[in-house]
Amino acid sequence: MEFEIEARDPRSEARVGVLRTAHGAVETPAFVAVATRGTVKALSVDDLREIGVQILIGNTYHLVLRPGAELVAELGGLHRFSGWEGPWMTDSGGFQVFSLGAGMEHGVGKIASIFPDEEGVPQPRGESLVKVDEEGAWVKSIVDGSWIRFTPEEVIRWQRLLGADIVLPLDECTSPFHDRDYTARAMERTHRWAERALEAFARTKGLGPNPEQVLFGIVQGGAYEDLRRRSARYIGSLGFPGFAIGGSLGRSKEDMYRVLEWTVPELPQGKPRHLLGIGTVEDIVEAVKRGIDTFDCAAPTRMARNGTLLTSDEEGLSIHIKAAGFREDERPIEEGCDCPTCRRYSRAFLRHLFRAGELSYYRLATLHNLRFMVRLMGRIRAAIRAGAPLEIRELLGA
């Protein structure tokens, strides 16, 4: 893998680059489309190529459950198995260790939503399906209820078999409600797991269908400045060719932005930086300003399936297509959008499809929302090259 920085923003840490992998180049900043089980829900690989998606990320936890890493390897790895011959990433399953564990116990995601009458009070969603220890984690299968052992070494072996171009080590993602002491212990454990992952990655070279894989390091430390800086320095010292920023990002967007401001300066400056699981329009623009190169997030595709469509034509940058006001609306989702959906279909027709439960709605909506993200990233790159302000309204032409 190679990463070349081609332009920098004079006002911020934003930069334009090219990330070259064994299966093609990615222009950055870039949005990584989420293909949890080896596919972006409702879309074919031809759809993805047509709307300009550059790179996909699969989920190791789900792919190991079904169809299994060994079977994927037998069938040529993710590239041949899925038909997507462009760049692939896979995560480590570390987020499932969080979401099925502390995330369920505390009722939160990476960022906690805090309301005045509930400040600091977790809202549990259920019993933990995870047991973490020094060796790794036991994670309960959502398929058959069996317990699966995740260790740094086994996670590397699975990802070698899956064959993605960029893979990630097992880490412990903490909750916004974990205190500093627990967050520090989890961070140190993540550091030890990173060392083990590097050793396992070196030992397994040649295993699986893609000998040109690279392993990124993951920075943890919660929303604590000293921990984030320490983790970034330590992970940055281990020789990883790129980095991901994970874990709890605090209790607000402002917390997340501060985490990035603490973390990015401590990482080697010439290597790519990925922000795990974050991808709203506002968050992407603000994170790009703070030096992030790539993002993955399921929100745009999940929103599409649930009826929320992205558009710069509306205040709030989205509409819910079920609204009665769109019953006779002949306009496309977004004027000037070049996606296949906007070129042919009206809001009224999409509303009809959604309300009728027609399966074609999911494809058309997902095509639009992903194309919206692709166009946004292209405009961000163009703005950085031109030295123009990175402001949402200017970027979207609204």
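Every number in this text was worked out from the coordinates using simple rules, so none of it is lab data. Keep in mind that this is a model prediction, so the values were computed, not measured. We place every Cβ from the backbone using ideal geometry, glycine too, and count neighbours over all the protein chains shown.
Annotations for the structure displayed:
- Charge sum, other residues only, whose C-beta stays under 12 Å from GLU199's C-beta, Lys/Arg counted +1 and Asp/Glu -1: +2
- All lysines inside 26 Å of LYS289 as judged from Cα atoms, apart from same-chain residues fewer than 8 positions distant: LYS110, LYS253, LYS271
- Rel. contact order, % - alpha carbon contacts under 8 angstrom, at least six apart, the chain: 17 percent
- Taking the charge dipole of the chain about its Cα centre, with +1 at Lys and Arg Cβ atoms and -1 at Asp and Glu Cβ atoms, the residue from SER99, GLY86, HIS62 reaching farthest to the positive side is GLY86.
- DSSP bridge orientation in the chain - percent antiparallel, rounded to nearest 5: 50 percent
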